[in-house]
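Okay, so here's the structure we're looking at.
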Amino acid sequence: MQRCGGSVDVRLRRGVVRRWGTALTASTAAVAVALPTATAEAAAGPGEIGAKGAYLDSGPDGKPWGKAADTKRPMASTTKIMTAVVVLDDHAGELDRQIAVKQSYRDWVTRKQASTADLRTGDKLTVRQLLYALMLPSGCDAAYALADTFGSGGTEAARTDSFVAKMNDKARELGLRNTHYDSFDGISSQGGNYSTPRDLAKLARHALSSGTLATVMKATSTQQKAANVNRLYTWYNTNKLLGSYQGVIGLKTGSTQAAGPCLVFAAQRGSRKVVGVILNDAAGRYPDAAKMLDYAFRTRTAMKLRRLPSGAHED
């Protein structure tokens, strides 16, 4: 079953105490404690990371660290970072433009059993609101709406294909040599939707340079009202690292059967910003992300993962 998103359980790995690992014990809030500058981890990397691919663009010494950093892998809904980047890079002046939700957008998520913002047919939402619907609940319906609106052509198929072509043009423009898109939302029909941890980190840096997108991606939740009807949408960010680890500011989750659990993340402490990527991490993407950030910031963090409300979409 091809899915854009879905509930992903954090699995226990050998040698891990309870759910979050020996270095990640439950507490009511994330607490960072400074470690000595010279540690074994600082010399060797963040230790055992269960992801098949991982990357930090800035370790404790400012140098990058990676695990299969240039190996191409499916990236699931982290694709939507590029969807948002194309919209904001090319149409930043149209954030207040209203877009009517079509039944075909709802049919898409039903047919693909994909993650959804549960957009209702006939509702009018602005481009800015659709970016929240895209990035927080990982709405494939929102991705469809944006691709259909900002692609060119006489049919929805032509317009969405045109939008995907723009995504690939943007990848080339940004120097993402090992990235290719065949999808506007991460649902790949032919296996041509892939990237590498290094490329995704570079894309994330570019995405964070947009003030609008940075604001959207760091929101743990939002409420947005349709313009033409009395309907209030409530969306929760599927990135549970937000609100769980001190300084996290985004970016995006993703999960399909082919891609496994994926996470593109960033954290800022003081003037220092670190971007990380995890691809296909069945062992636990959030504990591994915390371990990578601890390595980068030379800290040891006890973390209690933020829970999504019952019924909220997960990805």
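The values are calculated or read from the model by the stated rules, or taken from the named source; none is laboratory data. Quantities reported herein were computed from a predicted structural model and do not represent experimental measurements. Glycine gets a Cβ as well: all are built from the backbone with ideal geometry, and neighbour counts include every protein chain shown.
Structure above, values below:
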| item | result |
| --- | --- |
| Yes/no for residue 239 being in a loop (DSSP other than H, G, I, E, B), more than 25 Å from residue 88 (Cα to Cα) and modelled with pLDDT of 95 or more | no |
| Tabulated pairs, the range 89-103, first over 15 Å from residue 142 (Cβ atoms), second assigned to a strand (DSSP E or B) and at pLDDT 95 or above, C-beta under 7 angstrom, 6+ apart or interchain | 96/126 |
| Hits in the range 249-258 - residues which are buried (at least 23 other Cβ atoms within 10 Å of the Cβ) and of a type in the set (A, V, I, L, M) | 251 |
| Set 84, 92, 100: member being of a type in the set (A, V, I, L, M, F, W, C), out of contact with any helix residue (DSSP H, G or I) (no Cβ under 7 Å at 6 or more places or on another chain) and either closer than 15 Å to residue 186 by Cα or modelled with pLDDT under 95 (or both) | 92 |
| Number of the condition not met by residue 105 [criteria: (1) hydroxyl-bearing (Ser, Thr, Tyr); (2) closer than 18 Å to residue 227 by Cβ; (3) in a loop (DSSP other than H, G, I, E, B)] | (3) |
| Long-range neighbours under 9 Å by Cβ, at least six apart or interchain, first residue at negative phi within the range 210-230, second at pLDDT below 95 and not in a loop (DSSP other than H, G, I, E, B) | 210/92; 212/92; 213/250; 214/250; 216/250; 217/250; 218/250 |
| Selection count, the range 224-239, where residues are within 20 Å of the chain's Cα centre (by Cα) and surrounded by fewer than 24 Cβ atoms within 10 Å (Cβ to Cβ) | 2 |
| Selection from the range 165-193 of residues that are out of contact with any Asp or Glu (no Cβ under 9 Å at 6 or more places or on another chain) and of a type in the set (Ser, Thr, Tyr) | 181, 183 |
| Only listed residue being in a strand (DSSP E or B) and at pLDDT 95 or above, chosen from 261, 287 | 261 |
| Within the range 180-196, tally of residues that are touching a residue at least 24 places away in the same chain (Cβ under 8 Å), assigned to a loop (DSSP other than H, G, I, E, B) and not hydrophobic (A, V, I, L, M, F, W, C) | 9 |
| Scan of the range 137-179 for residues that are free of Cβ contacts under 8 Å to residues at least 24 places away in the same chain and either part of a loop (DSSP other than H, G, I, E, B) or touching a strand residue (DSSP E or B) at 6+ places or on another chain (Cβ under 7 Å) (or both), ordered by number | 151, 152, 153, 154, 155, 168, 177 |
